[in-house]
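Worksheet for the structure shown next.
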Amino acid sequence: MGYKCRIPRVKPLLNQRQRQKRLTWAKEKKNWTVAQWSKVLFSDEANSPDLNPIENLWGIVKRKMRDTKPNNADDLKAAIKAPWASITPQQCHRLIASMPRRIDAVIHAKGAPTKY
């Protein structure tokens, strides 16, 4: 027996205007297909990391860099390149395919933060 520690996931604090903006954005994109989502490189229209799969990719890079201690900008660039290059097309496709679920989650939450 021992103590276990867990740090709860921090969800963004959203005011009513931001929630409404997210909800409107999600409703506009509700019927988009995976093919349409695959053409979006980056979107910050809703200003929401949970609706932007690039944030998940950066999370992968950050986890792989956890033990890296770059001393300067060149070391940092080199440290980022390897984890970034290791991201597979399948990982990208899974994130793209998750967009309809993300949109549904935002609509269901009435614009509030979601698990994504």
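The values are calculated or read from the model by the stated rules, or taken from the named source; none is laboratory data. Values in this document were obtained by computation on a predicted structure and should not be read as measured data. Every residue, glycine among them, receives a Cβ derived from its backbone with ideal geometry; neighbour counts consider all protein chains shown.
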Problem - Scope segment 27-60; condition at pLDDT 90 or above and either over 25 Å from Ala105 (Cα atoms) or part of a loop (DSSP other than H, G, I, E, B) (or both); matching residues - result: Lys30, Asn31, Trp32, Thr33
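Where residues in segment 102-116 are among the β-branched types (Val, Ile, Thr) and either out of contact with any helix residue (DSSP H, G or I) (no Cβ under 6 Å at 6 or more places or on another chain) or within 19 Å of Asn56 (Cα to Cα) (or both), which of them is surrounded by the fewest Cβ atoms within 10 Å (Cβ to Cβ)?
Within segment 102-116, the subset among the β-branched types (Val, Ile, Thr) is 103, 106-107, 114.
Right, trim to either out of contact with any helix residue (DSSP H, G or I) (no Cβ under 6 Å at 6 or more places or on another chain) or within 19 Å of Asn56 (Cα to Cα) (or both) and you get 103, 106, 114.
On the way: Ile103: 22, Val106: 26, Thr114: 20.
If we take residues in segment 102-116 being among the β-branched types (Val, Ile, Thr) and either out of contact with any helix residue (DSSP H, G or I) (no Cβ under 6 Å at 6 or more places or on another chain) or within 19 Å of Asn56 (Cα to Cα) (or both), then Thr114 is surrounded by the fewest Cβ atoms within 10 Å (Cβ to Cβ).
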Exercise for the section: Just give me the residues in segment 48-57 being within 17 Å of Pro89 (Cα to Cα) and over 8 Å from the mean Cα position of the chain (by Cα), in sequence order. Expected result: none
